[in-house]
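The values are calculated or read from the model by the stated rules, or taken from the named source; none is laboratory data. Quick caveat: nothing in here was measured; it's all calculated off a predicted structure. Neighbour counts run over all protein chains shown; Cβ positions are idealised from the backbone, glycine included.
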């Protein structure tokens, strides 16, 4: 456990800034405890098969975190020991949608929507998917426009 391979590409902090999550190009997620002059890698997990593109805290108590990846998946983690709670493959097809309407490739970015308890994910095909965290279902999808 230690340095991120290929340098740090994405980071996220807990609300108190005492812990930092980081990932490099290898898709490995690391949990660091940050002291005044000392940093300690407390845990490290590799569940993605591609580079992690985004890390987001997904609750107000800093107990859960979500990661998105170029492998087309989103993983929900329990922060305490970086335990994977659920791995979501964006290639799953929700009922009533055809295969062309879902994420079939890399997820480039993600944000947490606290009011609706959902993740908004954007893929390389400009498809924006809203993933409801209560039931882990895709709530809706929107194709982004090229011209605003």
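Within region 118-148, the residues that satisfy the criterion of being touching a residue at least 24 places away in the same chain (Cβ under 8 Å) and not in a strand (DSSP E or B) are 133, 136.
Could you grab me the full set of residues in region 60-102 that are modelled with pLDDT of 85 or more, assigned to a loop (DSSP other than H, G, I, E, B), touching a strand residue (DSSP E or B) at 6+ places or on another chain (Cβ under 9 Å) and over 14 Å from residue 131 (Cα atoms)? Answer for region 60-102, where residues must be modelled with pLDDT of 85 or more, assigned to a loop (DSSP other than H, G, I, E, B), touching a strand residue (DSSP E or B) at 6+ places or on another chain (Cβ under 9 Å) and over 14 Å from residue 131 (Cα atoms): 62, 63, 70, 71.
How many residues are in contact with a strand residue (DSSP E or B) (Cβ under 9 Å, 6 or more places away or on another chain) and either more than 16 Å from residue 54 (Cβ to Cβ) or part of a strand (DSSP E or B) (or both) if we restrict to region 27-42?
In the first step, residues of region 27-42 are kept if they are in contact with a strand residue (DSSP E or B) (Cβ under 9 Å, 6 or more places away or on another chain); the result is 27-34, 39-42.
With either more than 16 Å from residue 54 (Cβ to Cβ) or part of a strand (DSSP E or B) (or both) added as a condition, the list becomes 28-34, 39-42.
Matching residues across region 27-42 total 11.
When we screen 27, 7 for residues that are on the phi > 0 side of the Ramachandran plot and buried (at least 17 other Cβ atoms within 10 Å of the Cβ), the only hit is 27.
Being at pLDDT 90 or above and not in a loop (DSSP other than H, G, I, E, B) is the requirement here; does residue 54 meet it? Yes; evaluated as a whole, the condition is true for this residue.
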